[in-house]
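Since the structure comes first, as structure tokens, the remarks are kept for the end.
Every read-out reported here was derived from the displayed coordinates using simple, explicitly stated rules and does not represent laboratory data. As the structure is a computational prediction, the values presented were derived from the model and not from experiment. Cβ coordinates were reconstructed from backbone atoms using ideal geometry, including for glycine residues, and neighbour counts include every protein chain displayed.
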């Protein structure tokens, strides 16, 4: 799995109501184009810019419910592509139990942006869908790395308590990487 960040949203060429979300690997010229609709693009842009609306949108509602029940979004994975459709998962935790939920990729990315959690793409998806751009992207980082570090540290403690040392080592590497990038 490779970490990616939402880079841009552009108008689609083929349909008037389609947009292209470009995900990028940091410090790389590798990008993944994902076609999304207008409503999905709006949700991602609102989350990316941290724009609050007068009334909670669906993604905001989900985050409020998660927070009230002590759940956090640990990571989002983009697992596979079938006939041009991306399949993603939400990896959620309450600190002790972990659950994986199937999700539309646009919803998963919106929630990842709102919760400052990593977006990971499988090597197979990256190989099948990525395009090389002329110029590499530099220094793409989460919008709130301190919050992400704090969430990862909570998960690290829970993994150590469960004696899941393999996962704890992976989390510690992610924490170290984020601290290095600060």
Checklist entry - Could you give the angle, 0 to 90 degrees to the nearest 10, between helix 38-48's Cα long axis and the longest principal axis of the Cα atoms of the chain? => result 40 degrees
Next on the checklist: Ranking request for peptides 108-120, 71-83: highest mean number of other beta-carbon atoms within 10 Å first, then the rest in descending order.
Outcome noted: 108-120, 71-83
Item to check | Relative contact order, percent, the chain [alpha-carbon distance under 8 Å, six or more residues apart] | outcome: 23 percent
Item to check | Rg/Rg_globular for segment 27-78, with Rg_globular taken as 2.2 N^0.38 Å and Rg from C-alpha atoms | outcome: 1.41
Item to check | Principal-axis tilt of helix 165-181 within the chain, Cα atoms, nearest 10 degrees | outcome: 60 degrees
Checklist outcome for this item: Per the rule of 0.36 nm per residue minus the C-alpha distance, extending residue 20 to residue 176 adds in nm 52.9 nm
Next on the checklist: What does the extension gain come out to for residue 10 and residue 122, with contour length at 0.36 nm per residue minus their alpha carbon separation?
Outcome noted: 38.0 nm
Item to check | Rg(Cα)/(2.2 N^0.38 Å) for segment 43-106, N = residue count | outcome: 1.25
Next on the checklist: Compute the helix-to-body angle for 145-162: its Cα long axis versus the longest principal axis of the chain, expressed 0 to 90° and rounded to tens.
Outcome noted: 50 degrees
Next on the checklist: For the chain, take every pair of Cα atoms, bin their distances at 5 Å starting from 0, and report each bin as a whole percent.
Outcome noted: 1, 8, 16, 20, 21, 17, 10, 5, 1, 0, 0
Item to check | Residue order, fewest to most beta carbons within 10 Å, for 88, 103 | outcome: 103, 88
